[in-house]
Amino acid sequence: MSEPLLSIRGLRAKVDGEDGEILRGVDLDVQRGEVHALMGPNGSGKSTLAKVIAGHPAYEVTAGEILFEGEDVLELEPDERSRAGIFLAFQYPAEIPGVSIANFLRTAVNARLGEGEEMDVFGFQRTLTEKMEMLKMDPGFAARYVNDGFSGGEKKRNEILQMAVLRPALGVLDETDSGLDIDALKIVASGVNRLSEADEALGVLLITHYKRILNYIRPDRVHVMMAGRIAESGGASLADKLEAEGYDWLHRAVAAV
Amino acid sequence: MSTMTAGPAESTLAAADFDTLAGGLTEPEAIAEARTAAWERFTALPWPTKKSEEWRYTDLAKVGFEALTPVVPAPATAEALPADVRDVLGRSGERAGVVVLREGRVAHLELEAGVARSGVVLCSIRDAADRHPEVLRRALLEAQPGPAEEKLWALHLALLGGGYFLYVPRGVEMPAPIHAFHIVERAGTLSSAHSFVYGESGARAAVIDEFLSGDLDAETVSLHGATITGEGGAGIEYVALQRFGRGVKRFSTQHVTAGRDSRVVTFNVALGGDLSRADITSRLDGPGSDSEMLALWFGDSDQHFDHHTLQHHAAPHAHSDLLFKGALTDAGSSVFRGLIRVDKGAQLTDAYQTNRNLLLSEGAHASALPNLEIEADDVRCSHGATIGQVEDGQLFYLMSRGLTRRQAERLLVFGFFDEVLGRLPMEGVRARVREAIEEKIGL
Ligand SMILES: Nc1ncnc2c1ncn2[C@@H]1O[C@H](COP(=O)(O)OP(=O)(O)OP(=O)(O)O)[C@@H](O)[C@H]1O
Ligand SMILES: [Mg+2]
């Protein structure tokens, strides 16, 4: 098999300037075209892993490596990682008052095209409209300020809109399903599936607490994070087991080690 | 009246006497008198020093006024529109008229025929002195600057002759703005221009003053004065868009007089020059008057911007709202010093003053000094100022979408400015200001 899309080895990380480790030796491989679900109790380190992959400056990696398409990304700035093809749909997206979605996304699209190759306004507008239609978003949304005053569900949909416009090689979706009503969940899930169909090599790391979304986006692998480590990995049926039995059995297993 | 075109008086300010300043021009009496008196006041007054509160952060001693060559503007000429002006106009929305000034001299002036027929007057200050001496004199006398600005104001009046005069008669609503371009080309000069805007009762007018130059290789000073008057129920929108090149130091003194139930919006944008100071006074002169004062600045390199404001409530039931926002990077610096003054009789005043600053670099520095002076007892006033940095969470969010740190910061500045831009009533004017800001911050 060719090199994985994403390969994480022995990753340890903590909040910069503080003591306690949050990630305590994470190993994870995502192949091109695969969907991996990452589950686990509150506070186990899922969002921290997502943010470390994206290069959040609040965290310090103390050991291990993250290879993306075979390249070490730990030395890359967040914007370089993004332009290389990593996308993070945030659990809590930032609000940017005064900056419209259209203006923001056009800047982001042009940031990955070379100077002089910028997309013209009309071409961009066409792409944006098309993606918004796919996600059944009101066209007026493009003029709204990024996440400013958005409902929880609107924020999540806006994250997937950005993914659709930016076309990454890897999408890390951090609880994109929480806060979505059942219709919105279906729309967002089918949006992600459409992106996978359009790009068969797209890798997805889907962080979630609920099996619900996995009925729409079928995972190839399911992992459970406990106290900063991947404690268990399995097929799609692992999600069923977690839904039925919770994390207790894993807590006991981890404690027994 | 002489038709000869004056160049710079062939002497420095230090060596100049009033006759050399006049440059051999014969001029209308109203102007000659005002200028003579101003010159005497200018020579008698000392330069304000850093000891005065108003000039504590902007050191006039560092400006070599004495070595500059004063320019006394000659009578208007009729030149073709310069290419860069045509370019801006081509991208701007509708307009009712255009004025081009070179070191204060009116070089081009046009007013849409329909607007002229409705009684609107647009001419050079010189012509106005001939044709409307009383109106001009009254406006200039009423604009009594505070002691801190008196020296520069006197110098401005001593050089008076440059600039334009816009008069909108009772009930006339101008359909589009007047767009004026103040061009400075000659390095080492001291020039001055006046923007005179007057709306009779019920009149509507909008003006955009754009200040521009190339990068000049010697210290050059551009003085500017504006008197903006709205009679009862008038609505006036005034924008000063300063995008001088390097080498230019600019001092603008603006006086707004808002009559009963009138509404006057001023919007100052500082982007260019080495030093840019604006003293802006809004006098709420009639009950029910409304003054909105807005400003934006973006400073980089070692640019220094200084905004000094007075919201003077002289009448009851008036409303004033000031919102100034500035962003700085590199070693840019800025000062905001604002005062709300409420006279004893100005009951039921509603007055607000907010200054927000965004610093993008360690070397940037902003000072904010909001102040209140209230003699009435039944008023609603608030003032506040903040100085902060961009939020890390926002920065990371934008960078995680592929924007470089610089792009992300600049986009955040744009977002920060948007609230102020959104308050400009005329869409065409707003678009022009937005474009100029975009050009400066380089998104
Ligand atoms: N920037 C930070 N500063 C301080 N503590 C942090 C920071 N980021 C994460 N932590 C701590 O690290 C632990 C893991 O947090 P993280 O957000 O990664 O958990 P999670 O698995 O995503 O939880 P949830 O399911 O609730 O979203 C928590 O105890 C959290 O408080
Ligand atoms: Mg989380």
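Between B:Ala193 and residues 5 or more places away or on another chain, which pairs have amide H atoms under 5 Å apart, with H built 1.01 Å from N, and which residues are they?
Long-range HN contacts for B:Ala193: B:Leu223, B:His224, B:Gly225.
Mean projection of the alpha-carbon convex hull of the protein assembly as shown over all orientations, in nm²?
About 35.3 nm², averaged over all directions.
Provide a list, ordered by number, of residues in region B:393-407 showing at least 40 Å² less accessible area with every protein chain present than when their chain is taken on its own, using a 1.4 Å probe.
Flagged in region B:393-407: B:Gln394, B:Phe396, B:Tyr397, B:Met399, B:Ser400, B:Arg401, B:Gly402, B:Leu403.
Using Stokes-Einstein with the Kirkwood hydrodynamic radius over Cα pairs, what translational diffusion coefficient do you get for region B:3-286 at 4 °C and a viscosity of 1.567 mPa s, in µm²/s rounded to a whole number?
Diffusion coefficient, whole number: 69 µm²/s.
Take chain A, connect every pair of alpha-carbon atoms lying under 10 Å apart with a spring to form a Gaussian network, then pick out the residue of A:Arg157, A:Arg112, A:Arg32 with the largest mean-square fluctuation.
Evaluated over chain A, the most mobile residue of the options is A:Arg112.
Counting only other chains, and only Cβ atoms inside 10 Å, what mean value do you get across the residues of B:329-340?
0
Restricting to region B:3-286, what percent of DSSP beta bridges are antiparallel, rounded to 5?
Of all bridge pairs located within region B:3-286, approximately 15 percent are antiparallel.
Would you kindly derive the ³J(HN,Hα) couplings of region A:170-179 from the backbone phi angles with the Karplus curve 6.51 cos²θ - 1.76 cosθ + 1.60 (θ = phi - 60°), listing them in order in whole Hz, with x for Gly and Pro?
Ordered by residue, 3J(HN,Hα) equals 9, x, 9, 9, 8, 6, 5, 7, 6, x Hz.
Which residues, if any, in region A:54-94 have at least 10 Å² less accessible area in the whole protein complex than in the isolated chain, probe 1.4 Å?
A:Ala54, A:His56, A:Pro57, A:Glu77, A:Pro78, A:Asp79, A:Ser82, A:Arg83, A:Phe87, A:Leu88, A:Phe90, A:Ala94
Sorted by accessible area (1.4 Å probe), largest first, how do B:Arg41, A:Arg229 line up?
So, going from the largest accessible area down, we get A:Arg229, B:Arg41.
Can you give me the C-alpha center-to-center distance between region A:78-109 and region B:191-223, rounded to a whole angstrom?
What the calculation gives is 40 Å, centre to centre.
Put a dot 7 Å past each Cα toward the Cβ at B:Ala113 and A:Arg218; how far apart are the dots in nm?
Going from the A:Arg218 label point to the B:Ala113 one covers 7.5 nm.
Mind checking the alpha-carbon convex hull of region B:395-443 and giving the volume per residue in Å³?
It comes to 68 Å³ per residue, whole-number rounded.
How big is the A-B contact in terms of buried accessible area, both chains counted, 1.4 Å probe, rounded to the nearest 100 Å²?
Summing both sides, the interface buries roughly 2000 Å².
Starting from the residue with the highest accessible area, list B:Ser367, A:Ser190 in decreasing order, probe 1.4 Å.
Order by accessible area, largest first: A:Ser190, B:Ser367.
Near the amide H of B:Ala327, under 5 Å away, which other amide H atoms are found, from residues 5 or more places off or on another chain, if H is placed in the peptide plane?
For B:Ala327, the qualifying residues are B:Trp297, B:Phe298, B:Gly299, B:Leu358.
Any idea of the accessible area per residue across region B:395-443, 1.4 Å probe, to the nearest Å²?
Using a 1.4 Å probe on heavy atoms only, each residue of region B:395-443 averages 33 Å².
Over region B:3-286, what percent of the accessible surface lies on carbon and sulfur atoms, probe 1.4 Å?
Result for region B:3-286: 51 percent of the exposed heavy-atom area is carbon or sulfur.
Which residues make up the longest stretch of chain A that has no GluC sites (Glu not before Pro) in a DSSP loop with at most 15 other Cβ atoms within 10 Å?
Longest site-free region, per DSSP loop and neighbour criteria: A:119-199.
Send over a whole-number figure in Å² for the accessible area per residue of region B:3-286, probe 1.4 Å.
I get 35 Å² per residue for region B:3-286.
Work out the mean other chain Cβ neighbour count within 10 Å for the residues of B:242-252 and drop it here as an integer.
Mean number of neighbouring Cβ atoms from other chains: 0.
Where nothing but the Cβ of Lys and Arg (+1) and of Asp and Glu (-1) is charged, how large is the charge dipole of chain B around its Cα centre, in debye to the nearest 20?
420
How large is the dipole of the protein assembly as shown about the Cα centre if only Lys and Arg carry +1 and Asp and Glu carry -1, each at its Cβ, rounded to the nearest 20 debye?
Dipole about the Cα centre, nearest 20: 680 debye.
Count, for each residue of A:95-106, the Cβ atoms from other chains sitting within 10 Å of its Cβ, then give me the mean as a whole number.
Across A:95-106, the average partner-chain Cβ count within 10 Å equals 5.
What does the C-alpha gyration tensor say about the overall shape of region B:360-400? Classify as rounded when a/c is under 1.5, otherwise prolate if a/b is larger than b/c, or oblate.
In terms of gyration-tensor shape, oblate.
Could you order the peptides B:105-116, B:58-69 from most to least packed, using the average number of other C-beta atoms within 10 Å per residue?
Listed from highest to lowest mean packing, they are B:105-116, B:58-69.
State the antiparallel share, in %, of DSSP beta bridges confined to region A:100-257, rounding to the nearest 5.
Restricted to region A:100-257, the bridges split so that about 55 percent are antiparallel.
Can you work out ³J(HN,Hα) from phi for every residue in region B:301-315, in order, using Karplus 6.51 cos²θ - 1.76 cosθ + 1.60 and θ = phi - 60°, giving whole Hz and x for Gly and Pro?
Couplings: 6, 10, 5, 10, 10, 9, 10, 10, 10, 9, 9, 9, 8, 9, 10 Hz.
Looking at the protein assembly as shown only, what percent of DSSP beta bridges run antiparallel? Nearest 5 please.
In the protein assembly as shown, DSSP labels about 20 percent of beta bridges as antiparallel.
Name the long-range amide H neighbours of B:Leu369: under 5 Å, sequence gap of 5 or more, or other chain; modelled H, no Pro or chain starts.
Sorted by chain and number, the residues that satisfy this are B:Phe336, B:Arg337, B:Gly338.
Counting only protein heavy atoms and a 1.4 Å probe, tell me what percentage of region B:395-443's accessible area is made up of carbon and sulfur.
For region B:395-443, the apolar C and S fraction of the accessible surface comes to 48 percent.
Under a 1.4 Å probe, what is the accessible area of region A:12-65 per residue, stated in Å²?
That works out to 40 Å² for each residue.
List, in order, the whole-Hz ³J(HN,Hα) value for each residue of region A:230-243 obtained from phi through the Karplus relation with A = 6.51, B = -1.76, C = 1.60 and θ = phi - 60°; use x for Gly and Pro.
7, 8, 7, 10, x, x, 4, 5, 4, 5, 4, 4, 5, 4
Quick one: order B:Trp47, B:Trp297 from most to least accessible surface, probe 1.4 Å.
Output order, biggest surface exposure first: B:Trp47, B:Trp297.
The values are calculated or read from the model by the stated rules, or taken from the named source; none is laboratory data. These figures come from a predicted structure and were not determined experimentally. Don't worry about glycine lacking a Cβ; one is built from the backbone with ideal geometry, like all the others, and counts go over all protein chains shown. The area values use the complete protein model at the heavy-atom level, side chains included, leaving out ligands, DNA and RNA. Shrake-Rupley method; radii C 1.70, N 1.55, O 1.52, S 1.80 Å.
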